[in-house]
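Quick note: the coordinates plus some simple rules give every number you see, no bench work behind them. Please read all numbers here as calculations on a predicted model, not as lab measurements. Virtual Cβ from ideal backbone geometry, glycine too; neighbours counted across all protein chains shown.
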Amino acid sequence: MGFFLQTGLHKEKSNLHEQDHYPSAPFNHHPDFYIQKLEKKLARSGFERKPHETYEQFFMRVKEKTFSPQDIPSLMTVIRIHKQLRFGPRPISGNDLAILEAETDRLISKAVRSRQVGPGQIRLRNRH
């Protein structure tokens, strides 16, 4: 320990750990920002991620209850880009970041709509 303190290597090791923790973050958000945004919206709709589930496991479990079949490819794209952003050895491209943001926002709006008015349900206006 004395060697690390005297040479400053301990501090450099700590900085490297911080850089390695988010290896491909090309922006100021936490790497889980977009995926957590989608998770929070689903939680407000009654779908909770279990403590042992990864984001991917959670979305696979609830996908048929929360998204239409046409939205599944978008969900898979969000999962793929998130995994690259979070765990990938290289930064994601600006194009992938734009796709991640747009697809996440689109899925959030679709999940909310599909939850509010399900198949075969009619949305009634409050007449009061």
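What are the ³J(HN,Hα) values, in whole Hz, obtained from phi via the Karplus relation 6.51 cos²θ - 1.76 cosθ + 1.60 with θ = phi - 60°, for each residue of region 59-68 in sequence order, with x given for Gly and Pro?
Ordered by residue, 3J(HN,Hα) equals 5, 5, 5, 9, 4, 6, 8, 10, 10, 7 Hz.
So how strong a dipole does region 39-99 carry about its Cα centre when Lys and Arg Cβ are +1 and Asp and Glu Cβ are -1, to the nearest 20 debye?
Result for region 39-99 is approximately 140 debye, rounded to the nearest 20.
What pairs in LYS41/LYS65; LYS40/LYS63; LYS41/LYS83 have C-alpha atoms more than 18 Å from each other?
LYS41/LYS83
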